[in-house]
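Let me begin by presenting the structure, written as structure tokens, before commenting on it.
No value in this document is a laboratory result; all are computed from the given coordinates. Model, not experiment: these values are computed from the prediction. Here the Cβ positions follow ideal geometry from the backbone for every residue, glycine too, while neighbour counts run over all protein chains shown.
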Amino acid sequence: MQRCKNGMKLDDLRTLIAIAQHGSFRAAASALDIPPATLSRRLQRLEDTLGSQLVIRDSRNVSLTPLGVSYFERCQPLLEELETATTELHDSSHTSPRGALRISAPVGLLTYQLMPLFNQFLAMHPDITLSLTHLSNQHHDYSPEQYDVVFRVGQQPDSSFAAAKIGESQRILVASPSYLASHGTPQHPDDINQHARLASVPEFEWALTNEKETVWLNSPVKMAIADLNSIKQAAINGLGIACLPNYVVADAIASGTLTTMMDSWYSPPRPIYMLYQRLGYIPAHIRHFTDFMRDGLTGTTKA
């Protein structure tokens, strides 16, 4: 265990920093991968060493004392610099990065954009493993304690993750040639209200703009499924009109099983983000992965 000259242990300092960053003993203990009792004991030892109270505890909240805030603000960048230097020195002596990656991503983006790159990356780095057990595009269901890297579509709320924009998702109107032959091709967004709409959950409302006006479509839907590929297949089968990301329907458009319409109208593009931990140092295998994905995805998700 690392120990400073005055007897203070660096693990105890990491405990204070984790509590300040995460706002609770439970979250801090999870981030450090230690039991809450160990975290509490380390904090008490740090306060005993310094002879000052650093954290105010009550039944609901955890907050830093003014002295705790001052100490945290001075020590955090110093500890990060020390850990970065240590990691860089360690990485330089190991030519092959190793470690486990915990990933969360939406199923549509995973299927059509991410998986080919994941496969390439793992082939290049045999000592890195990847775990993807959570397929979602929800903004509230990820945290640094759960995942190393998160992929999401749409604007993201502020969080403890760093966010890198790696592309855009452009939704386009598609239908099968047979459906349009039988029901006619809409010429204006209002015409779509007379057609069967196939919607991906939760995208029940469609916004279409031609740079002069924006029209919102919220007529009843014929089919609503929380799976982009299922909606795509329903459109191919002639069940109605769908509004899907360009990367989902690109192959069907190329093969002629789906066709676009009303090309002067479009749905405003949504950003695609890669989020990753920014607290403390970033291990080599995560840095390699984020650099690889950024290079591989930038520019490939645009129409």
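Values for this structure:
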item	result
For the stretch 232-287 and the stretch 166-189, distance of Cα centres in Å	14 Å
Dipole magnitude of the chain about its Cα centre (Cβ charges: Lys, Arg +1; Asp, Glu -1), debye to nearest 20	560 debye
Within the stretch 168-190, backbone nitrogen closer than 13 Å to the virtual label 7 Å beyond the Cα of residue 264 toward Cβ	187-189
Theoretical FRET efficiency, 1/(1+(r/R0)^6), r = Cβ-Cβ of residue 185 and residue 292, R0 41 Å, to 0.05	0.45
Burial ordering of 79, 228, fewest other beta-carbon atoms within 10 Å first	79, 228
Footprinting exposure proxy for 49, 15 (fewest neighbouring C-beta atoms within 10 Å first)	49, 15
Choice from 47, 211, 80 showing the highest fluctuation, given a GNM over the chain with Cα pairs closer than 10 Å	211
Cα→Cβ-extended label distance, 7 Å offset, between residue 58 and residue 115, nm	5.2 nm
Pairwise label distance in nanometres, residue 226 with residue 214, each label 7 Å out on the Cα-Cβ vector	2.6 nm
In Å, descending, principal axis extents of the Cα set of the chain	82, 46, 33
Computed label-point distance, nm, for sites residue 33 and residue 251 using a 7 Å Cα→Cβ extension	3.7 nm
The chain, relative contact order [Cα under 8 Å, separation at least 6], %	21 percent
